[in-house]
Amino acid sequence: MKKIRIGMVCPYGWDTPGGVQTHIRDLTQHLIDEGHYVSVLAPISDDSISHEDYVVNAGKPISIPVNGSVARVIFGPIASSRAKQWIASGDFDLLHLHEPAIPSLSLLACSAAEGPLVGTFHVSTPKKKAIYAIGPILEPIVEKLTARIAVSELARSTLKDHFETDAVVIPNGIDGYKFANAKVSDEFSGDFTVGFIGRFEEPRKGLQVLIDSLPIVARFIPNVKYLIAGPGDSEDFLKEIDPQLRNRIKFLGRLTDEDKASFLKSIKIYVAPNTGGESFGIILTEALSAGTAVVASDIPAFKAVLENGEAGALFINEDSEDLAKTLVSMLKDDEKRN
């Protein structure tokens, strides 16, 4: 197989946890393992922290509220100049741009580049959202792409709705071996451990729904333990919890990649209570690869990944009582979790 030089562009802050960043990391490492040269251009908030050798810092991102979340992106003349310099020095055979249709580093790179261009679309959002209000301006950029990939049917539908063009659906890939063979950790294990990973200060990640389920679950399973991982300030959540239940929740902070795999391997159930704005749900596939049971809200993206409940349990979106009922049933029944 011919070895090629690939330039990969990440639109979001590299040092911020997210599904797109995870996708790019795993894909990049796989391509490098196959013998290809890969360079990733990405915004980085804190350049004092070491990153992978293949990452090139495009500058510090700014936070922009979008789609019920916060996108940490970089845009403007300085970012454009850095993208052009990176392209010129990289001598790439192919550029792979993630989210090239939003104002971001990927759009700037697409504008500046020539040659084979692959765009991967991750976003799923209703038509006429503000971020796509400049759709007519972006259409020439989208049409410039040699090939288009959507990570899900929902992402494909968004692309078709806004730009009247199509894409091949290729779901997010993961390193299944890493999760299947992760070490079980005493820190995360236990008979009744429920886990969550996410930027929990963002309401659409649904942590409040999970926390609201705790009083009901604890009534039936007093030894239940909720382990919450990810960046954010836990104080606002803890002060709202009954003091008698606070010892049932532990905030772990941000996990390393190794600890994340161990976390997913060790817990009894992974819960994804996200309330919307998702187009895939890569964390669900990671948990399943670790052999851990999954409980998720019944939003379209999660229903698709879990095959309408065949691969995991679904609960009514934003319904903490239904979540509690589902968790109690799963925690008490080994067969349901396997």
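Computed from the coordinates by the stated procedures, all read-outs in this text should not be read as laboratory data. No experiment lies behind these values; they were computed from the predicted model shown. Reconstructed Cβ throughout: ideal geometry from the backbone, glycine too, with neighbour counts over all protein chains shown.
A few points about this structure:
- Compared with the dominant Cα axis of the chain, that is its longest principal axis, helix 135-144 is turned about 70°.
- Look at the dipole of the chain built from charges on Cβ: of Ala304, Thr28, Leu264, the Cα furthest out on the positive end belongs to Thr28.
- Under a model in which nothing but the beta-carbon of Lys, Arg (+1) and Asp, Glu (-1) is charged, the range 177-337 shows a dipole of about 360 debye around its Cα centre.
- Under a 5 Å amide H cut-off, with hydrogens placed 1.01 Å from N, Gly198 pairs with Ala229, Gly230 among residues at least 5 apart or on other chains.
- Spread of Cα-to-Cα distances over 5 Å intervals beginning at zero, given as percent, for the range 1-104: 2, 13, 23, 26, 20, 11, 4, 1, 0
- Kirkwood radius for the chain, taken over all pairs of different Cα atoms as the inverse mean of 1/r, rounds to 20.9 Å.
- Using alpha-carbon coordinates, inclination of helix 77-90 to the longest axis of the chain, degrees: 80 degrees
- All aspartates and glutamates inside 17 Å of Lys84 as judged from Cα atoms, apart from same-chain residues fewer than 8 positions distant: Asp93, Glu114
- Of the trypsin sites (Lys or Arg not before Pro) found in the range 229-338, those in coil by DSSP whose Cβ has at most 15 other Cβ atoms within 10 Å are Lys239, Arg254.
- The charge dipole of the chain, taken about its Cα centre with unit charges on the Cβ atoms of Lys, Arg (+1), Asp and Glu (-1) only, comes to about 200 debye.
- The chain: most fluctuating residue of Ile267, Ile44, Ile216 per GNM, C-alpha cutoff 10 Å: Ile216
- Taking a straight line from the alpha carbon of Lys205, these lysines sit under 17 Å away, with near neighbours fewer than eight places off in the same chain left out: Lys303.
- Using alpha-carbon coordinates, inclination of helix 153-163 to the longest axis of the chain, degrees: 40 degrees
- If only the Cβ of Lys and Arg carry +1 and only the Cβ of Asp and Glu carry -1, the dipole of the range 93-202 around its Cα centre is close to 260 debye.
- Descending principal axes extents, the range 5-173, alpha-carbon based, whole Å: 38, 31, 28
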